[in-house]
Every structure is written in structure tokens, then in C-alpha cells.
Amino acid sequence: MATVHIDRVLETCIKQGGADIHLVVGRPPVLRLHGGLRSLETKVLEPDDTVALMKSITPDRNQQELQEIGSTDFGFGFGDKGRFRVSVFRQKGDLSLVLRLIPNELLSFDQIGLPKQIAALCHRPQGLFLVTGPTGSGKTTTLASMINYINENLDHHIITVEDPIEYYHTHKKSIVNQRSVGGDVPTFAEALRRALRQDPDCILVGELRDLETMESAVRAAETGHLVFGTVHTTGAQGTVTRIVDQFPPNQQEQMRVQLSTNLIAVLSQALCKKKGGKGRVAAYEFMMTTPAISNLIRENKTYRINSAIQTGKKYGMQLMDDHLWELFTTEKIDYQEMINKARMPDEMEKKAKEFNSSLVKPIDDDPLGGH
């Protein structure tokens, strides 16, 4: 019965456009829809139900890990309808499951609303491109669309290292090898070390989560590869600071120099609820490493990066708050969502008071709304 049950829940999630499924004892299955949570009209789950649901989808290796350490993560395909990334964990002695839907369709840069400079950066022969933002901000989707763009347009060897693999890529103009951490290779750092001997042009590192992985990624970028990675930071300025701060003091100077020459761009994103509550729209902060920004990184003046991004509008750069303001004034998001996601909510509040009417459209030739 559990398998029938899980299939129905997965079907419902896909049909209704849900982002996540929560299976917890004491509630019916719950979907995350347009940012909010909604219970399905089925029975309340008992401890035996979550165990049966877990067993119906969890590989033996992961059931073993769950026994040993109390949680496990994996991905699985639901026919040709979609893939799910699953996290199973114990709480209060019972099992809970969270399933994130990874849509099958790879979106274009236009569909996601990415800055148009991204395509040119995907043609770069080498360098480090970081996509940052909190969990659930769409980093995976953005990176998948970049890998797909390279796959369709360039004859490259692409290696991805992920935990778990989310979007599956087929070989197009490029060859794509996707390695799963924990399945195909023990760690991100190990995969990166090996990757350099596998003749890659482009490497995607799912997460730069420790010192060793970070070092390996920078080294790979330095030795002539285009490297994409994600970091759980907010904003370009914060990302640079956070990376350097991870290193011991005696290595920070060297890291700044390496970043100043190898970092090509930082894209920070936040997913916002659309006005009216149906669907989501992404807000972006985008920094390209110009010679001026490269100097700021090298000279440890990262606190000046934000103003460099503002003066770099002609290169397509923008601060998160400027993009949120644009989404607000073009009525894509409401006032509260703008304030919730803003880096400097007080400033935005002040600006909105002066602006007064949300019906006034920003002037066409200034897409960032008259700064």
C-alpha cells in the first residue's frame, strides 16, 4: 500500500506544481506550494506509515546510513515525470521525509531571468563562477541551466560533482560525466583532485563546503578550467569575505591574490513569492570581477565591493536591493516580500515611503528604477 500511496503523493506534487513534499508523523502529507505549506486531504500519517514510505523509495545503502547516523540523503527518478531529492531523518524517535521536486525540464537563461552577461561568461576558458544564496533559492536550477547552455553550445568535457545528483544531463555537443558524492566518489575534494586528470574543460562542484574543496576548486580554476560552485552566503561582498575567512590567517593573503585573479563572477539569488501568491520570481545580485573589483579583493577592501557593483551597472552588474526594487515597482512582488528579502530593509522602507505609489512605473531607460 505504501508504494501506491507514495506514487499518488508524487503525482499530486507534480500536477499541482509543488516544490517539496513533507511526510511527518501526526499530519497528512504536506506540499510546499508557492512558498506556503498545504496539507493533502488524505489520512494522518502514523509511525508505521512513514517507515513504509521510507522503505518504498530508499536504497539499501541509505537505509543502512539512516540506521547508523539517523539521517540520509539521496535522489531518485519518478519515471520520466521528474526527479526527487530526498532527505530522511529521525526526530523524536520517528521518521520524517522531505522530498524536493527537481523538474525534468531545463530552463533557458531568459526563462529564469538571468542577467544576459551569463552566456558570455559560460564561454570563458577558465575561472571560478560562484552561485550563492540560502537553501531553496534556486541555485541548483541556475547552475543546471548554465551546464545545459555549455552542453548545447560548446564541445566541452563537463564533469559535475554533486550530492546527490539532481538534474540529469544527456550528452549533447559536450560530454557530461556526473559523479555522485557518497556513491561514485567519497568526497567533493577527492572528486576534484581526480577530475584534473580526466581532461575536463568545465567542472561543477555542487557545494564548496570545506577548506579542502575550496582550495581544490580555486586550483582547478587556476590551472585552466572553468569551475562553477555554490556557497551558502548572501551577496557578492559577503561571499568573498567568507571564502577568505575560512582559511588560516597565514594563508589568507595568498587566497586573496588567487581569488582576485581567478574569480570571474558571483551571482547571488533569492526566490520571491510573486504578487498575488501564484508562483515565484528570482531576484539577483550580480558581480563581475572587473580590474577595479580584482584590486579590492587583493587589497582586502571587500567592504567597497557593493559600491563597485553600483558603479558597474554598465557591465550589467546589480545589487540585490536594486533588483528587488525593480521587481516591486514593476508589480512582480509586493512590498512585504521586497522588505523580507532586502539586504538593507530600513533603506528600502524609507525609499518606498518617498516613492509612495506602487503604480508609478520606473522610467524605461533606467531598468533599476532611478538611482
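The values are calculated or read from the model by the stated rules, or taken from the named source; none is laboratory data. Keep in mind that what you see is a predicted model, and the values were worked out from it rather than measured. Glycine also receives a Cβ, built like all others from the backbone with ideal geometry; neighbour counts cover every protein chain displayed.
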Handout entry: segment 175-200: number of residues that are surrounded by fewer than 20 Cβ atoms within 10 Å (Cβ to Cβ) and either among the small types (G, A, S) or at positive phi (or both)
Key = 4
Handout entry: Output for segment 126-140, where each listed residue is outside any strand (DSSP E or B) and modelled with pLDDT of 95 or more
Key = Q126
Practice task
For segment 201-217, name all the residues that are surrounded by fewer than 24 Cβ atoms within 10 Å (Cβ to Cβ) and either modelled with pLDDT of 95 or more or in a loop (DSSP other than H, G, I, E, B) (or both).
Solution key: D201, E207, R209, D210
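Could you pull out the residue among G26, G18, G35 that is touching a residue at least 40 places away in the same chain (Cβ under 8 Å) and either surrounded by fewer than 18 Cβ atoms within 10 Å (Cβ to Cβ) or not assigned by TED's automatic domain parsing to the domain that holds D73 (or both)? If you could, list the steps in order and put the result at the bottom.
Details: G26 fails: touching a residue at least 40 places away in the same chain (Cβ under 8 Å); G18 fails: either surrounded by fewer than 18 Cβ atoms within 10 Å (Cβ to Cβ) or not assigned by TED's automatic domain parsing to the domain that holds D73 (or both).
Only one candidate qualifies: G35.
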Exercise for the section: Check whether at least one residue in segment 350-369 is modelled with pLDDT under 90, closer than 23 Å to L267 by Cα and crowded, with 19+ Cβ neighbours inside 10 Å, and report yes or no. Expected result: yes
Handout entry: Scope segment 261-293; condition assigned to a helix (DSSP H, G or I), of a type outside the set (A, V, I, L, M, F, W, C) and out of contact with any Leu (no Cβ under 8 Å at 6 or more places or on another chain); matching residues
Key = T261, P291
Exercise for the section: Only residues that are at pLDDT below 95 and more than 24 Å from the chain's Cα centre (by Cα): list them for segment 266-291, please. Expected result: G276
Handout entry: Of all residues making up segment 259-272, the number that are more than 20 Å from C122 (Cα to Cα) and crowded, with 20+ Cβ neighbours inside 10 Å
Key = 2
Exercise for the section: Check whether at least one residue in segment 141-157 is crowded, with 17+ Cβ neighbours inside 10 Å, in the same structural domain as L267 (by TED's automatic domain parsing), in contact with a strand residue (DSSP E or B) (Cβ under 8 Å, 6 or more places away or on another chain) and in a loop (DSSP other than H, G, I, E, B), and report yes or no. Expected result: yes
Exercise for the section: Hey, can you tell me all the residues within segment 171-197 that are in contact (Cβ under 8 Å) with a residue 12 or more places away in the chain, farther than 25 Å from T72 by Cβ and out of contact with any helix residue (DSSP H, G or I) (no Cβ under 8 Å at 6 or more places or on another chain)? Expected result: I175
Practice task
Give segment 309-321 a look and list any residue that's surrounded by fewer than 20 Cβ atoms within 10 Å (Cβ to Cβ) and either modelled with pLDDT of 95 or more or part of a helix (DSSP H, G or I) (or both), or say none.
Solution key: Q310, T311, K313, K314, Y315
Completion exercise
The condition from (1) crowded, with 18+ Cβ neighbours inside 10 Å; (2) in contact with a Pro (Cβ under 6 Å, 6 or more places away or on another chain); (3) at pLDDT 90 or above that G75 misses is numbered (3)
Exercise for the section: Can you confirm whether segment 218-225 contains a residue that is among the β-branched types (V, I, T), surrounded by 18 or more Cβ atoms within 10 Å (Cβ to Cβ) and in contact with a strand residue (DSSP E or B) (Cβ under 6 Å, 6 or more places away or on another chain)? Expected result: no
Problem - Residue count for segment 272-298, restricted to those that are in contact (Cβ under 8 Å) with a residue 24 or more places away in the chain and farther than 20 Å from F129 by Cα - result: 9
